[in-house]
Amino acid sequence: MIRIWAKVMKKDKIVKQFMLEKFESMDYSCFFKYLCEICENLDIPTPVLIKTHLFNYAKYNVLRFRKEDFIESIDFDKLVLENAFL
């Protein structure tokens, strides 16, 4: 089972959040699909996903996207994804 807690942060406060739940095992080749679904539900642009992001999520169970990771302009400070199924 996959549970990813996504938080949109502005000045260290949560302004939006979403919990992605899938009844399947984690497949990192599908992580971009999960990210797109999360961003669609939060109504925010999708950030650029690179291999380092995947390694950080796999190793530390948390992933932070900053303004530099988005191509479009955003009105928040960061998007944080946490593995909520530990």
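Every residue in region 1-15 that is open to solvent by 70 Å² or more (accessible area, probe 1.4 Å) and of a type in the set (V, I, T), please.
I14, V15, listed by residue number.
Could you please give the count of residues in region 42-85 that are open to solvent by 20 Å² or more (accessible area, probe 1.4 Å) and within 12 Å of I4 (Cβ to Cβ)?
6
Tell me which residues, restricted to region 42-78, are aliphatic (A, V, I, L, M) and within 19 Å of M26 (Cβ to Cβ).
L49, I50, L54, A58, V62, L63
I'd like to know if region 30-41 contains one or more residues that are surrounded by 17 or more Cβ atoms within 10 Å (Cβ to Cβ), of a type outside the set (S, T, N, Q) and touching a helix residue (DSSP H, G or I) at 6+ places or on another chain (Cβ under 8 Å).
There is at least one residue in region 30-41 that is surrounded by 17 or more Cβ atoms within 10 Å (Cβ to Cβ), of a type outside the set (S, T, N, Q) and touching a helix residue (DSSP H, G or I) at 6+ places or on another chain (Cβ under 8 Å).
Would you check if F18 is touching a Pro at 6+ places or on another chain (Cβ under 6 Å), modelled with pLDDT of 95 or more and either crowded, with 17+ Cβ neighbours inside 10 Å or not small (G, A, S) (or both)?
It is false that F18 is touching a Pro at 6+ places or on another chain (Cβ under 6 Å), modelled with pLDDT of 95 or more and either crowded, with 17+ Cβ neighbours inside 10 Å or not small (G, A, S) (or both).
The values are calculated or read from the model by the stated rules, or taken from the named source; none is laboratory data. Remember, it's a predicted structure, so these values are computed and weren't measured experimentally. All Cβ positions, even for glycine, are placed from backbone atoms using ideal geometry, and neighbour counts span all protein chains on display. We work out accessible area using only protein heavy atoms, side chains counted, and drop any ligands, DNA or RNA first. Shrake-Rupley method; radii C 1.70, N 1.55, O 1.52, S 1.80 Å.
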